[in-house]
Every structure is written in C-alpha cells, then in structure tokens.
Amino acid sequence: MELNAYQIAARSTARYPDVGSNATYPTLGLCGEAGEVADKVKKVMRDRNGVFDAEIRDAIKLELGDVLWYVAQLAQELGYDLEEVAAANLDKLSSRAARGRLGGDGDDR
C-alpha cells in the first residue's frame, strides 16, 4: 500500500473534535499509542526474557498500526501527506549519514 493511499483511507475513519483543524488530538493520541508499544516491549523484557513470540509480535503490530494512524492524522492536520513526511525524513538521514552525523543528539547535526 502506498503511504498516501493509507493516509486517505485512514482519514475516512477519523472521528475526533474539529477534524481538519485540530492537531492537538492526534498528537496526544500518538503519544498514548507510542506508550502502548513501549509498554508491550517492556513487558516482553520483564515477563518473556526478551523473547518476541508470534503472539506478542502480532499485538505490537496492531499497536504500531495505531501509531501510524495518528501519524497520518497529525500530518494531515499540518498539511502534509505521508509520502512527503517520509521523503523528508530519508533526506535528513541521508544527509546525516553522508556527513557522519547519524550518532549523537540534536536536530541540527
């Protein structure tokens, strides 16, 4: 599936206050869903000795889908399509790699 096609399809399921002019709701949803992914991974470390079996992998896949949904909504609210966001990210990472700056921290490396 193409990213922009996903974004359009995901938008048809958006049900939150002021869809089209509300970046806050998808931002908060994104934080919550990313936390759910992190929590599942944490429990794999605690309860499963770090083993990601098929069951937990499938559960995390569903949570990652929720993360993607909120990323798509936030991008839409800000006027970006997902392919544009993805391309900008790859450009940034390629530039950092070419300059030997993938490690470290900060946005301007």
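Here, each number is a calculation from the coordinates, and none is a lab measurement. It should be emphasised that the depicted structure is a prediction, and the values quoted were computed from it without experimental measurement. Please note: Cβ atoms are built from the backbone with ideal geometry, for glycine as well, and neighbour counts cover all protein chains shown.
Would you look at the GNM of the chain, springs on alpha carbons closer than 10 Å, and say which of Leu74, Leu64, Leu82 moves the most?
Leu64
Between the range 11-47 and the range 58-76, how many Å separate their Cα centres?
Using only Cα atoms to place each centre, the spacing works out to 7 Å.
Points 7 angstrom from Cα along the Cβ direction at Asn4 and Arg109: gap in nanometres?
Spacing of the two 7 Å Cα→Cβ label points: 3.3 nm.
Mind running the shape call on the range 12-75? Use the C-alpha gyration tensor, a ≥ b ≥ c as the square roots of the eigenvalues: rounded below 1.5 for a/c, prolate if a/b tops b/c, oblate otherwise.
Because a/c hits 1.5 or more and a/b exceeds b/c, the range 12-75 counts as prolate.
Whats the longest run of the chain with zero chymotrypsin sites (Phe, Trp or Tyr not before Pro) that are DSSP loop and have at most 16 other Cβ atoms within 10 Å?
1-51
Which value, in debye to the nearest 20, describes the size of the charge dipole of the chain about its Cα centre when Lys and Arg Cβ atoms bear +1, Asp and Glu Cβ atoms bear -1, and nothing else is charged?
My answer is approximately 420 debye.
So how strong a dipole does the range 1-49 carry about its Cα centre when Lys and Arg Cβ are +1 and Asp and Glu Cβ are -1, to the nearest 20 debye?
For the range 1-49, the charge dipole is close to 240 debye.
With the alpha-carbon atoms as the only input, what is the per residue convex hull volume for the chain in Å³?
151 Å³
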